[in-house]
Amino acid sequence: MPSHSNIRTLQEKGELTEAVSLCRRVLLDRPSDNQTIALLGVLYAQQEDYEQALVCLERIGPSESIDNAETLTDIAAIHLLLQDYPPALALLDRAITLAPDYALAQARRGLVLMKQWQFADAKVAFGSALLKCPGNQQAALHINSARCALYLGENEAALTHVEQARELGGSQREQWLSVAVDSHIALNDWENAEAAIYQALEAGIAELKAVKLLALVLAAQDKQGQAAHRLRKALKKYPDDLDLILQLAALARVQGHHGEAMRYLQQALKLEPENASLWAQLAQLGQRHFNELTAQAAAEKAMALTEQETGLVRAEALVAMASVDEDQAENYYRQALAQVPGYVPACLGLGHLMLQWGRIDEAVALFEGVATNHPVAGYGALINARRFPEDPEILAKIEKIAYLPSLQGSVSSSLLFDLAAAWEHLKDYPKAFAFVTEANNASRKLLPYRACDHRKHCVVLRRTFTRSYLESNKEYGNPSTLPTFVLGMPRSGTTLVEQILGGHPEIYVAGEIAVLSKVIQSLNAWERHIGSGKHYPECVPDLTPEQIQFYAKEVLDELRQYDPDAKHIVDKLPHNFEHIGLIRLLFPNAPIIHVQREPRDVAISNYFVDYQAKFGGMGFAYDLTDIGDQLLDHQALMRHWDHVLDKPLLTIHYENVVADTKGAARSILSYLELEWTDAVLAYQNLERAVKTASVWQVRQPIYQTSKEKWRCYEAFLQPLEEVLAKQLPDEADNSAGNLLPAGYFFHGMEHLKDNNLTQAEGVFTKILQQNPNHAAAMHMLGMVRYRQGQLRLAEEWVNLAIKNQPNHAAWYNNLSAIYRDLGLNPEALAAGQQAQKIKTRIKEVSGNENKL
């Protein structure tokens, strides 16, 4: 009959399957042996088979009558591995009372206390275990003692424990190295952190482990680019190492390179195509970064792979599915929690869903449950729900965690944002501003945002959408008033106005939707296809009346999917203030409500929000000077729109909405030509999801506390004030004599098709005079020369087009034909081969997208 000693030896070696088999053999003879059942439950939990671990707990039943310290310690371990810490601690206290010298009980008690952030008590427990356990088992205890010391800021003590663990050696070498590196990082001792890695390499640690830790050391110094370079270099040598690929994916996410992160996950899936966890990760990443098709397909794959599974792997798939299926999200989250009670991603996901739907008490209860066992995640979520911890000890613990270096860098910007919000709540404004500035500085290091690029874009918008252009094209747009836009600077009060509108029975508020972004993406895709070298908005004057009408219909068709009967459907994307010209081109009569707010209040509100934006439109929000520049761009654009628009928009001031909500609501409804209803004043009771940074505010009655909040931070706003003191010059409308007719490029193509070569030549030449980099016009002019028999000129123009836009297979095929007619057969062959390569590459990309 196998002994418990034999089973535990296998457990210590990591041979869990064999250990489980021995336990089952024992239970065939002694089916009611609680000591064996408890040990079996621990083994199942270590294998992440939580359902079977729970079955073992049920077989044991109430533990009050158990008086065996070893059995109690194993039952506690099951609770520990199930992340159910309070009963684990109670059981371990009982075990230690029964057997004060039982080292395993003391060690596990230390682990539970660590999980509960009680690092000082945990360190005492590990110390007690060290006094009682044999020397060959002490290395792990020294490592955990070092971790506690790090969290307590006792970095020198941590190094002492690390050194003792190193001298003991054994199977804990990799854990020792990790803690050693962490200890040196905590001391900002980068040289010795690297030295420890190289020392471990000489002692025989795996090269890959050393490379991964070296990447961590570099990232912790805010050298994420160098870290990624090291990992990519290692990947060439070890292309099949899954952990290496996933670390690269994590680092790419930190840097905001989300497309790159998705490619690494797809690379990982080539190694393990049946790994449901990887599919779930891909689904979550795709959903967060607007790749909805990939996210949906990946989540469905995770669900299919785990259809017969239970426990953690199924819970992970269910959470992924919840992220892509808004209608059934609550059901999926609850199924996940049934699989793994207290599963943190499911608790947080369900809590945020409740918050969006205004079920705040339910959200808070979920977040408080998370905070019991995972304080950082739980308190971060509670702060987001405006339930602030006021215990200085809790805030001090969050602060300590915030300054632990990681792949994200030398600090955790998200935790610093949480601390800023908490100290603002406590009205310690200097401390709040210090934390938020450090948070923004940390985030900004990873941002590619440049205010000068945004200013140039706004200048092009003003030069494109001139009064003369809009006037000459006003007959082509759709006359519908269904599309309704609420816009303005982010954090200016657009969500409040949207919620007021949502109370009216004839209005459907769709939230921050991307109908205009889709039009812009389509325009840019078309310009890439034809090879013009243009982007939005420069390409807008090329639109034909038919194209304007087509895009307007596309928008209307999408909006009608939200509500077929509404009189107005509201898009509340704040940055649509940049696209008012496009709105008026497509919909000359569309209602546009512009929300204004005191610029310094807008600035402070943006500065204190963690948008987690590593790219895109919110990159300005991490620096006061950039925020000021964005405000100037917004002001200049709004002056421009006021000057050029035929139909005026409605400007509403946030401060007026707060002071006289009913009066503001009447003004808005009058502008929309709708009858008054008192329902618009009960906006916080609307049963709809809110998915903006204002999710908490819109569930509250109108409050005055956000007015003039900037005065609390007046002493820190000099960089902002200096920018706001400027005013950008307005653009003169000089386009009347320079505009080419709408669809001019396509007129040239029609002339070429009809073999009207002189007229086609004139069109493409005129386009190139106005836009010398228009690659498609170069190509078409080359084809005009080809038909005119001017082969050398044709070859020059087509080559010039390819130099500007090298990814058009058809252009290479045309070049190949020109070379053949010139008698240059090798060049003709090379051009044809290049055309085929491009076609093959496009097919491969399309195939990969279809698989996802």
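The values are calculated or read from the model by the stated rules, or taken from the named source; none is laboratory data. Just so it is clear, the model here is predicted, and its values are computed rather than measured. Note that each Cβ is placed from the backbone with ideal geometry, even for glycine, and that neighbours are counted across all protein chains shown.
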Which residue pairs have Cβ atoms under 6 Å apart, sit 6 or more places apart or on different chains, and have a first residue in region 61-83 that is touching a residue at least 12 places away in the same chain (Cβ under 8 Å) and a second that is among the hydroxyl-bearing types (Ser, Thr, Tyr)? ALA69/TYR102; ILE75/SER63
Which residue pairs have Cβ atoms under 6 Å apart, sit 6 or more places apart or on different chains, and have a first residue in region 547-564 that is acidic (Asp, Glu) and a second that is surrounded by 15 or more Cβ atoms within 10 Å (Cβ to Cβ)? GLU558/VAL515; ASP563/TYR508
Give all pairs with beta carbons closer than 8 Å in which a residue from region 503-526 that is among the aromatic types (Phe, Trp, Tyr) meets a residue that is surrounded by 17 or more Cβ atoms within 10 Å (Cβ to Cβ) and part of a strand (DSSP E or B); count only pairs at least 6 apart in sequence or on separate chains. TYR508/HIS568; TYR508/ILE569; TYR508/VAL570
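Taking region 505-534, which residues are closer than 30 Å to LYS803 by Cα and not in a helix (DSSP H, G or I)? I'd like the intermediate steps shown before the answer.
Step one: of region 505-534, the residues closer than 30 Å to LYS803 by Cα are 517-534.
Within region 505-534, GLY531, SER532, GLY533, LYS534 qualify.
Please enumerate the residues belonging to region 256-266 that are in a helix (DSSP H, G or I) and either touching a residue at least 60 places away in the same chain (Cβ under 8 Å) or buried (at least 17 other Cβ atoms within 10 Å of the Cβ) (or both). Steps first, please.
Residues of region 256-266 that are in a helix (DSSP H, G or I), as a first pass: 258-266.
Answer for region 256-266, where residues must be in a helix (DSSP H, G or I) and either touching a residue at least 60 places away in the same chain (Cβ under 8 Å) or buried (at least 17 other Cβ atoms within 10 Å of the Cβ) (or both): HIS258, ALA261, MET262, TYR264, LEU265, GLN266.
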Among the residues of region 471-489, is any of a type in the set (Lys, Arg) and at pLDDT 90 or above? no
Can you tell me how many residues in region 655-677 are in a helix (DSSP H, G or I) and surrounded by fewer than 14 Cβ atoms within 10 Å (Cβ to Cβ)? 5
Pairs please, first residue from region 107-120 and farther than 17 Å from ASN155 by Cα, second anywhere and in a helix (DSSP H, G or I) and among the acidic types (Asp, Glu), Cβ atoms under 6 Å, 6+ apart in sequence or on different chains. LEU113/ASP121
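Count, please, the residues in region 19-50 that happen to be of a type in the set (Asp, Glu) and surrounded by 15 or more Cβ atoms within 10 Å (Cβ to Cβ).
The number of residues fulfilling the criteria is 2.
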Filter region 500-518 for residues that are among the aliphatic types (A, V, I, L, M) and within 23 Å of the chain's Cα centre (by Cα); which is modelled with the lowest pLDDT? ALA514
Exactly one of ALA831, ALA777 is over 29 Å from SER468 (Cα atoms) and either out of contact with any Gly (no Cβ under 9 Å at 6 or more places or on another chain) or not hydroxyl-bearing (Ser, Thr, Tyr) (or both), and that one is ALA831
Filter region 796-813 for residues that are surrounded by fewer than 21 Cβ atoms within 10 Å (Cβ to Cβ) and at pLDDT 90 or above; which is farthest from PRO772 (Cα to Cα)? ASN813
Under 30 Å from the mean Cα position of the chain (by Cα) and in contact (Cβ under 8 Å) with a residue 40 or more places away in the chain, is that true of HIS640? no
For the subset of region 784-795 comprising residues that are surrounded by fewer than 23 Cβ atoms within 10 Å (Cβ to Cβ) and part of a helix (DSSP H, G or I), which member is nearest to the chain's Cα centre (by Cα)? GLU795
Quick check, is ASP542 surrounded by fewer than 17 Cβ atoms within 10 Å (Cβ to Cβ) and among the acidic types (Asp, Glu)? no
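Residues HIS594, HIS575: which one is in a helix (DSSP H, G or I), crowded, with 16+ Cβ neighbours inside 10 Å and not hydrophobic (A, V, I, L, M, F, W, C)? Walk me through how you get there before you give the answer.
Working: HIS594 fails: in a helix (DSSP H, G or I).
None of the other options fit; the residue is HIS575.
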Against the condition over 26 Å from THR765 (Cα atoms) and either among the aromatic types (Phe, Trp, Tyr) or modelled with pLDDT of 80 or more (or both), how does ASN848 come out, does it pass? no
Given the conditions (1) more than 11 Å from MET321 (Cβ to Cβ); (2) in a helix (DSSP H, G or I), which single one is not true for PRO273? (2)
Looking at region 604-611, can you tell me whether even one residue there is in the same structural domain as GLN718 (by TED's automatic domain parsing), surrounded by fewer than 19 Cβ atoms within 10 Å (Cβ to Cβ), assigned to a loop (DSSP other than H, G, I, E, B) and not hydrophobic (A, V, I, L, M, F, W, C)? yes
What are the residues in region 540-557 that are under 19 Å from ALA514 (Cβ atoms) and acidic (Asp, Glu), if any? GLU554, ASP557
Could you tell me which residue of region 617-652 is modelled with the highest pLDDT, considering only residues that are of a type in the set (Gly, Ala, Ser) and closer than 16 Å to TYR607 by Cα? GLY628
Any idea which residue in region 523-539 is nearest to GLU512 (Cα to Cα), counting only those that are surrounded by 20 or more Cβ atoms within 10 Å (Cβ to Cβ) and in contact with an Asp or Glu (Cβ under 7 Å, 6 or more places away or on another chain)? CYS539
Has region 482-499 got any residue that is surrounded by fewer than 20 Cβ atoms within 10 Å (Cβ to Cβ), under 29 Å from the mean Cα position of the chain (by Cα) and small (Gly, Ala, Ser)? no
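Please determine, by comparing only the residues of region 421-435 that are of a type outside the set (Phe, Trp, Tyr) and surrounded by 16 or more Cβ atoms within 10 Å (Cβ to Cβ), which one is farthest from TYR611 (Cα to Cα).
Taking region 421-435 as the starting set, the residues that turn out to be of a type outside the set (Phe, Trp, Tyr) are 421-422, 424-428, 430-432, 434.
Next, only the ones that are surrounded by 16 or more Cβ atoms within 10 Å (Cβ to Cβ) stay: 421-422, 424, 431-432, 434.
Numbers: ALA421: 14, ALA422: 17, GLU424: 18, LYS431: 21, ALA432: 17, ALA434: 18 Å.
Within region 421-435, the match that is farthest from TYR611 (Cα to Cα) is LYS431.
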Where residues in region 225-241 are of a type outside the set (Lys, Arg) and more than 25 Å from LEU446 (Cα to Cα), which of them is farthest from the chain's Cα centre (by Cα)? TYR238
